[in-house]
1. Considering amide H positions built from the backbone, and no H for Pro or chain starts, which residues 5 or more places from residue 165, or on another chain, come under 5 Å of its amide H?
2. Among the listed pairs 137/158; 56/84; 46/106; 83/158; 56/158; 67/157, which have their C-alpha atoms separated by more than 19 angstrom in this model?
3. How big is the convex hull of the Cα atoms of the stretch 45-108, per residue, in Å³?
Amino acid sequence: MGHKTANRRRKAKGEDIAMRNILMLLLLSFLGVVKGQEQDYMFSKKDFINEKVYYKKSAIPCFIKQKIKQANSGKIRLANPGKKYRSTDVVNNPLLPSRRLIFFIKTDKLNVLYYEHGGRGKHEHCIVLVKDSISGKFNYPVSLVIKQGILSPEELKKHLIEGRYSELKNHSCKF
């Protein structure tokens, strides 16, 4: 009898965690829609002229890798799409990276790095570098949270242009 009760408790606890995760995603999605009007930079269709999409981490420019390394004590841990990574907190292999590239978009005005962040509370994350019109340099990354489940560059662009994202202020863009 005690074994069945313990199984029911574990199942109930798992359902509570699942519901909490769903509520968190709804909250983040809501914040993305509401706060989209308050962003420091508003994206437009013009930002995506001469767009190229890459699916390998080797396509990420060196200056972006350097900025990420600076934010992470010299480490960069990012798997290529389709490769193994620590997707959940249950996968506890320290040799695997905890992030995995979904795609990288390069345009004349933007560099957009979109990746999966594994571990507890798995989510997708977007880092955008915007080219300064005066200096011609790309500004320090803007870190964004976007609705989970975006898998295509077209869908991500639509979210950026429509302002459906939340900007993470003071986020260190860690890998």
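Taken together, the values in this text are just the output of simple stated rules run on the coordinates, not laboratory data. Fair warning: this is a prediction, and the values are worked out from it, not measured in the lab.
1. Close amide H contacts, sequence-distant or interchain: 36.
2. Where the Cα-Cα span goes over 19 Å, the pairs concerned are 137/158; 83/158; 56/158; 67/157.
3. Numbers: hull volume 7.3 nm³, N = 64.
Spelled out: Cα convex hull of the stretch 45-108, divided by residues, is 114 Å³.
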